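Quick notes on the structure that follows.
The values are calculated or read from the model by the stated rules, or taken from the named source; none is laboratory data. Quantities reported herein were computed from a predicted structural model and do not represent experimental measurements. Note: ideal-geometry Cβ built from the backbone for every residue, glycine included; neighbour counts use all protein chains shown. Heads up: the accessible areas ignore ligands, DNA and RNA and are worked out on the full protein's heavy atoms, side chains in. Shrake-Rupley method; radii C 1.70, N 1.55, O 1.52, S 1.80 Å.
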Amino acid sequence: APFTQVELARAQALVDLVAEAGVAAAQPTALLTDDGMALVLRPGRAGDQEAVAELHSRCSMSTLFHRYHTGMRTVPRRWLHRLLSPPRGTTVVAQCADRVVAVGQLIPMSTPDSAEVSLLVEDGWQGRGVGTALLGALARAARADGRRELVGWCLPSETGLIRTAARAGLATSVRREDGLLRVSVEAGGPRDAVAGRPESASRQVASG
């Protein structure tokens, strides 16, 4: 049914309020993987819970361990809401047809210009440009929110975030903290992938 004038006025007021507050909503983005598969990067939503649970069930234990730093076969259901609706954070999913094949998150940190980043890419989609595109999308979201640094926590042997950031044109610095690598990724000035084709995919980035 058509909107009433009151409803339209309320919707416009909400749009104006968001614009004035400088809140940038992530927009869906179509892309091609390195081998020509079509994907869409879009904001995660509550209705993605089942698809994200299935994504985790298709990931190897090694992939899940690098993401969560603990042995697990499937993600606990109670985690799904926070994965898709992080408090004050941003979630982006990569979707092929009706299947979610990757998910990335930004969670604000105590310092106002930093956000924690995490990625999970299904094993069969690694090495195909998905992680690179996902990290680039999260970097753009961070910049739009006034943040200059993405922080990922990785196992000492895990260099995937550093490689992925390099492919996305994002500078990094690394230091060891509490037995993990703290990888700082500069959110500003990434080199966008040409014609929507990211260069390569990431391995998983662990969250703290």
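Please go through segment 149-171 and pick out each residue that is open to solvent by less than 20 Å² (accessible area, probe 1.4 Å), touching a strand residue (DSSP E or B) at 6+ places or on another chain (Cβ under 6 Å) and touching a residue at least 40 places away in the same chain (Cβ under 8 Å). Within segment 149-171, LEU150, VAL151, GLY152, CYS154, LEU161 meet the criteria. Can you pull out every residue in segment 14-39 that is open to solvent by less than 60 Å² (accessible area, probe 1.4 Å) and modelled with pLDDT of 90 or more? Passing the criteria: only LEU39. With (1) modelled with pLDDT of 95 or more; (2) within 14 Å of the chain's Cα centre (by Cα) as the list, and LEU55 as the residue in question, which single condition is left unmet? With respect to (1) modelled with pLDDT of 95 or more; (2) within 14 Å of the chain's Cα centre (by Cα), LEU55 is out only on (2). Of the residues making up segment 138-148, not a single one is among the charged types (D, E, K, R), touching a residue at least 12 places away in the same chain (Cβ under 8 Å), open to solvent by less than 50 Å² (accessible area, probe 1.4 Å) and touching a Gly at 6+ places or on another chain (Cβ under 7 Å). Checking each residue of segment 45-56 against the condition of being farther than 16 Å from GLY104 by Cα and in contact (Cβ under 8 Å) with a residue 60 or more places away in the chain gives no match. Checking each residue in segment 27-44 for being in contact with a Ser or Thr (Cβ under 9 Å, 6 or more places away or on another chain) and in contact (Cβ under 8 Å) with a residue 60 or more places away in the chain picks out ASP34, LEU39, LEU41.
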